[in-house]
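Nothing in this text is a laboratory measurement; each read-out follows from the coordinates by a stated rule. These figures come from a predicted structure and were not determined experimentally.
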């Protein structure tokens, strides 16, 4: 597999090609995502096995999770989750302070519905790296 097999890289590239307008991203990219939680605190980072990105949850997603599961979101580190409902939104940030950004831009993965898949495993072929440090992604941005 190559870096081009990264779901995150393809998805974020499509967002930037659509001039950062989520509504212009083809619906083929808006399906449920199965990801591995790389880190749950202080940042919630998820990986597709190639790259990692931050994951932001809506209040409703957290409330629904707490209602249906009896363990903390922080305990999901190294576990697989399925993001059922999500979108990307563009934010201006200070890249000197936000390590998951480039040129003061951060595309945020905002999750509105998710569930843990505690029995599932995702095996990374290498240690995932920050998507925003990939040279092709920098050029796209």
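Provide the gained length on full extension for the span residue 84 to residue 99, in nm with one decimal, where the gain is 0.36 nm per separating residue minus the Cα-Cα distance. Mind showing how you got there, number by number?
Values: separation 15, 0.36 × 15 = 5.40 nm, distance 2.60 nm.
Roughly 2.8 nm would be gained on extension.
Over the chain, what is the relative contact order in whole percent, taking alpha-carbon pairs under 8 Å and six or more residues apart? Spell out each step's value before the answer.
Values: 247 pairs, mean separation 39.7, N = 141.
Relative contact order of the chain: 28 percent.
For the stretch 30-74, what is the per residue volume of the convex hull drawn over the alpha-carbon atoms, in cubic angstrom?
Values: hull volume 4.3 nm³, N = 45.
Looking at the stretch 30-74, the number lands at 96 Å³ per residue.
Grab the alpha carbons of the stretch 61-141, take their convex hull, and tell me the volume per residue in Å³.
On the way: hull volume 10.6 nm³, N = 81.
Residue-normalised Cα hull volume stands at 130 Å³.
Using only alpha carbon pairs under 8 Å that are at least six residues apart, calculate the relative contact order of the stretch 59-141 and give it in whole percent.
On the way: 93 pairs, mean separation 27.0, N = 83.
That works out to 33 percent.
Can you tell which of 81, 53, 73 shows the greatest fluctuation in a Gaussian network model of the chain with Cα springs below 10 Å?
In this elastic network of the chain, the residue with the biggest mean-square fluctuation among 81, 53, 73 is 73.
Please state, to two decimals, what the Cα-based radius of gyration of the stretch 1-78 comes to when divided by 2.2 N^0.38 Å (N = residues). Don't skip to the end; give the middle numbers.
Details: Rg = 14.3 Å, N = 78, 2.2 N^0.38 = 11.5 Å.
Compactness ratio reported: 1.24.
I'm spelling it out carefully: the read-out is Rg and Dmax of the Cα atoms in Å, the candidates are (i) 16.3, 55; (ii) 14.6, 43; (iii) 14.8, 47, and one was derived from this structure. Which label?
Entry (ii).
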